[in-house]
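What follows is calculated from the coordinates using simple rules that are stated; it is not laboratory data. Bear in mind the structure is a predicted one, so any value in this text is a computation, not a measurement. Don't worry about glycine lacking a Cβ; one is built from the backbone with ideal geometry, like all the others, and counts go over all protein chains shown.
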Amino acid sequence: MEPIVVLLIIANINFRDEEYLEPKNILEKAGIKVITASSSLKEAKGMLRAKAKIDITIDKVNVSNYYAIIFVGGSGATEYFDNKIAHRIAKEAISQNKIVGAICIAPVILAKAGLLKNKKATVFSSEKNELIKYGAIYSDKGVEVDGKIITASGPKFAKEFGEKIKALLLEM
């Protein structure tokens, strides 16, 4: 059986450490391979000083290679809000029936890509109006699952977010 491979997309500067590390650890412990993507191959730096090795730049991502595409939050995630490549990756993932996730402010990426229209989703409270503006049905839950879209509202939900992603992957 081929391994389950998940892509975590992080900002090169100021990704949120636990929103990247906790889901990554949960998935790897379950035997799921994690690939980390960013806008640059330079070592990425987290808001709380974590460092992450980047495996691939987002412009080289082939969505069909992954079972899930996850956007990690942190203040740096704004670099993807209006990024056409990030939007294309998210749209392709949905059209290929993949799991798509985003945590903290990153659900705005999915909203702006048009994926959250009429979908239940949550986001860090500062971005609630952005989700609503793009047609999402805002939920104030810590983690929200609507079909194959998983959103979470911030670092304190990173573990639950990781567990939900793992559960959906293992159901496939």
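Quick check for me: using +1 on Lys/Arg Cβ and -1 on Asp/Glu Cβ, what's the dipole size of the chain about its Cα centre, in debye to the nearest 20?
Taking the Cα centre of the chain as origin, the dipole is about 140 debye.
Taking the Cα centre of the range 3-100 as origin and charging only Cβ (+1 Lys, Arg; -1 Asp, Glu), how large is the dipole, in debye to the nearest 20?
With Lys and Arg at +1 and Asp and Glu at -1, about 160 debye.
To the nearest 500 deg cm²/dmol, what mean residue ellipticity at 222 nm is calculated for the chain from DSSP H runs of n ≥ 4 alone, each contributing -39,500 (n - 2.57), summed and divided by the residues?
That calculation yields -9000 deg cm²/dmol at 222 nm.
Mind checking the full-extension length gain between residue 28 and residue 129? Use 0.36 nm per residue of separation minus the Cα-Cα distance, one decimal, nm.
33.0 nm
Pull out a ≥ b ≥ c, the square roots of the eigenvalues of the alpha-carbon gyration tensor of the range 1-95, then state rounded if a/c is under 1.5, prolate if not and a/b is larger than b/c, and oblate in the remaining case.
Judged from the Cα gyration tensor, the range 1-95 comes out oblate (a/c at least 1.5, b/c at or above a/b).
I'd like the distance separating the alpha-carbon centroids of the range 66-81 and the range 83-141, in whole Å.
With the range 66-81 and the range 83-141 each reduced to a Cα centre, they are spaced 10 Å.
So what are the ³J(HN,Hα) numbers for the range 50-58, from phi and the Karplus equation (6.51, -1.76, 1.60; θ = phi - 60°), rounded to whole Hz, Gly and Pro as x?
Residue by residue, the range 50-58 yields 5, 10, 9, 7, 9, 8, 7, 8, 4 Hz.
If you take P(r) over Cα pairs in 5 Å bins from 0, in percent from the coordinates, which of (i) 1, 6, 7, 7, 6, 6, 5, 5, 5, 5, 5, 5, 5, 4, 4, 3, 3, 3, 2, 2, 2, 2, 2, 2, 1, 1, 0, 0, 0, 0; (ii) 1, 10, 17, 19, 17, 14, 10, 6, 3, 1, 0, 0; (iii) 2, 10, 21, 25, 23, 14, 5, 1, 0 do you get?
Label of the calculated value: (iii).
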